[in-house]
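The values are calculated or read from the model by the stated rules, or taken from the named source; none is laboratory data. Being a predicted model, the structure only gives us computed values, none of them experimental. The accessibility values were calculated without ligands, DNA or RNA, using every heavy atom of the protein model including side chains. Shrake-Rupley method; radii C 1.70, N 1.55, O 1.52, S 1.80 Å.
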Amino acid sequence: MPISPYLKSLRADLGRRCLLLPGVSAVVFDDRSRLLLAQRSDNHEWSLISGVMDPGEQPAETAVREVYEETAVHAVAERLTSVFTQVPYTYPNGDECEFVDISFRCRAVGGEARVNDDESLSVGWFGLDALPPISETTRHRIELALRPGDAAWFAPPGDIGHDPAFPNGAVR
């Protein structure tokens, strides 16, 4: 996965130690209620479009930027759906990160879905009844985006990211 100049400079100073980073995920639907997913090039898993905020960038702006950069789809962020800290992750190169994920429900407003950078092997629209294999965390983000209302879900203090509405799934 490419690394931003900002993160590259941090890594030069801190090495591979764990960084706490603001990440954004976009749960993007089109006008036919299909979901936009990308098959990641690093682990070949299907996932939501996501990325790390740049300095000075607003979270919703990051979501819209990442959707376009990765898929060539133009989107607008409609509402915040969840905020939680993910478990630490170690990339194949040894870099460690822990992401505070801010998820948005988004609506596609233009463009044609295609692989638009080297972060994805494939990009596509999927009906909710025909999703490829996805992680429990991805499924949870989708379910939260489908909930009615404007209230965002967040893990209570001291919680490890479990939502009582999803008894089988920790969000981590």
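Taking only the Cα atoms of the chain, the radius of gyration and Dmax are 15.6, 47 Å.
Taking every DSSP beta bridge that has both ends in region 1-113, the antiparallel portion is near 65%.
Taking every C-alpha pair closer than 8 Å and separated by at least 6 residues, the mean separation divided by the residue count of the chain gives a relative contact order of 27 percent.
Of all accessible surface on region 111-156 at a 1.4 Å probe, what whole percent is carbon and sulfur?
52 percent
Computed 3J(HN,Hα) for region 123-128, one whole-Hz value per residue from the Karplus formula 6.51 cos²θ - 1.76 cosθ + 1.60 where θ = phi - 60°, is 9, x, 9, 9, x, 5, glycine and proline marked x. Dividing the Cα radius of gyration of region 63-107 by its Kirkwood radius returns 1.08 for Rg/Rh. Once the Cα-Cα distance is subtracted from the 0.36 nm per residue extended length, the residue 7 to residue 69 segment shows a gain of 20.6 nm. Taken over the alpha carbons of region 22-69 as equal point scatterers, the Debye sum produces base-10 log I(q)/I(0) values at 0.16, 0.18 Å⁻¹ of -0.47, -0.58. Accessible surface area normalised per residue over the chain is 53 Å², counting heavy atoms of protein chains with a 1.4 Å rolling probe.
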